[in-house]
Amino acid sequence: MNTPPAISIIIVTYNAAGTLQVCLDSIYKQQYPSLKIIIIDGNSTDGTVDIIKANINKIHYWQSEPDAGVYDAMNKAVKHLTGDWVYFIGADDELLPEFSDMALELKDPTAIYYANVFAEGSKRRAN
């Protein structure tokens, strides 16, 4: 049986203790078998790092240090990619179950794929 390509899921955080666990739980619920979570935290002071440490056995890579903003943190994360694909998700977003269905359709390495997320109480989708 062929193993599906690995997907690195990047989460950048700063004081995201109020939402990070829900985001992580939505990733853990996925049926797709090869997800690698990378978290880059901007030196949070609200308990975010405690949440990361509590989930350490399911996180591929994490670090917490000051950064120059969300894009700096994303660039730091990209240096730690090990998957064949990458997906960026906000710490206040949730992956819907359909993400796994979409992930199984990843075939063209020159394409940009996207999926719906649940954010701020509503389903968001690209048009």
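The values are calculated or read from the model by the stated rules, or taken from the named source; none is laboratory data. Keep in mind the model is a prediction, meaning the values are calculated, not measured. Here Cβ is always computed from backbone atoms with ideal geometry, including for glycine, and neighbour counts include all displayed protein chains. SASA here: full protein model, heavy atoms, side chains in, ligands and nucleic acids out. Shrake-Rupley method; radii C 1.70, N 1.55, O 1.52, S 1.80 Å.
For residues in segment 40-87 being in a loop (DSSP other than H, G, I, E, B) and of a type in the set (D, E, K, R), which is surrounded by the most Cβ atoms within 10 Å (Cβ to Cβ)?
Among residues in segment 40-87 that are in a loop (DSSP other than H, G, I, E, B) and of a type in the set (D, E, K, R), the one surrounded by the most Cβ atoms within 10 Å (Cβ to Cβ) is Asp67.
Return the pair list, or none, for Cβ contacts closer than 6 Å from residues in segment 27-50 that are closer than 20 Å to Ala77 by Cβ to residues that are of a type in the set (Phe, Trp, Tyr) and part of a loop (DSSP other than H, G, I, E, B), at least 6 apart or on different chains.
The qualifying pairs are Gly42/Tyr14; Ser44/Tyr14.
Could you list, in sequence order, all residues of segment 3-13 that are in contact (Cβ under 8 Å) with a residue 40 or more places away in the chain and either open to solvent by 50 Å² or more (accessible area, probe 1.4 Å) or in contact with a strand residue (DSSP E or B) (Cβ under 9 Å, 6 or more places away or on another chain) (or both)?
Pro5, Ala6, Ile7, Ser8, Ile9, Ile10, Ile11, Val12, Thr13
Of the conditions (1) surrounded by 13 or more Cβ atoms within 10 Å (Cβ to Cβ); (2) at pLDDT 95 or above, Gly90 satisfies every one except a single condition; which number is it?
(2)
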